[in-house]
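**Q** Shown below is the structure under consideration.
The values are calculated or read from the model by the stated rules, or taken from the named source; none is laboratory data. All figures in this text were calculated on a predicted structure; none of them were measured in a lab. Calculation scope for accessible area: heavy atoms of the full protein, side chains included, ligands and nucleic acids excluded. Shrake-Rupley method; radii C 1.70, N 1.55, O 1.52, S 1.80 Å.
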Amino acid sequence: MFRRTKPETSPESTAPVDPDLPAAAQPKGRPTPSRKEAEALNKARNKVPRTRKEQAEARRLTRGESSSNMRAAMKTGDERHLPARDQGPVRRFIRDYVDSRFSFIELLLPVMVVVLVLGWSGSPALASFANATLLAVLLVIVVEVVRMRLRLRKELTERFPDQPQNGATYYAVMRALQMRFMRMPRAQVKIGQQLPERYR
């Protein structure tokens with residue numbers, strides 16, 4: 001005679017569960033996810049590579065992204081992704097110092113190519129002329145290197161008195177030896193451009 005009526009399902013009891021919230025933080029009236037469901041959600045969110053193949057793939061993707069960022073930084077000068085040898089305000093100032101001046105040092109490679117061509121021309125006169133030109137250019141480059149070293153050390157002492165200058169001359173000369181369009185990171189200043197007073 002007396003039938004048990006089914007309790008009406010309230011909207012709160014069927015409300016969806018937010019997977020980003022822990023079970024204790026779920027609103028009242030909502031079912032607590034089971035342990036199996038919680039573990040499945042955690043695995044789906046984390047997606048940590050387990051097997052060697054997955055780990056190798058993750059490392060490959062990381063290296064590819066790092067290389068891509070470094071190549072872009074070489075063009076834009078973004079220090080966040082530059083190699084360690086090019087990072088820091090001192091190295092950035094040295095690059096700008098070299099790039100803002102024309103130097104005979106960068107003519108060494110073209111002169112050596114010309115000398116090589118003339119030496120293989122078969123003409124003793126041209127070979128002698130090439131050798132004399134090479135010696136003259138080398139003398140000029142030695143003078144340029146000495147001048148650059150003295151001026152650069154003075155600028156670094158005034159601008160960065162508390163920072164070490166180890167390898168500054170070598171870094172500057174190696175950059176100056178390259179022709180402007182070959183330099184990496186790319187030049188960010190023009191020849192004759194005045195450099196800022198402070199570098200950070």
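**Q** Write down the accessible area per residue of the stretch 70-109 in Å², having rolled a 1.4 Å probe over the full set of protein chains.
**A** I get 50 Å² per residue for the stretch 70-109.
**Q** Still on this structure, please answer the following. Could you give me the ³J(HN,Hα) list for the stretch 153-165, computed from phi with Karplus coefficients 6.51, -1.76, 1.60 and θ = phi - 60°, whole Hz, x at Gly and Pro?
**A** 4, 5, 5, 5, 5, 6, 8, 10, x, 9, 10, x, 10
**Q** Using the Karplus equation 6.51 cos²θ - 1.76 cosθ + 1.60 (θ = phi - 60°), what ³J(HN,Hα) coupling, rounded to whole Hz, does each residue of the stretch 69-81 give in order, writing x for Gly and Pro?
**A** These are the phi-based 3J(HN,Hα) values: 5, 5, 5, 5, 5, 4, 8, 9, x, 5, 6, 5, 10 Hz.
**Q** Given a 1.4 angstrom probe, I'd like the percentage of the accessible area of the stretch 89-200 that is carbon and sulfur, rounded to a whole number.
**A** 65
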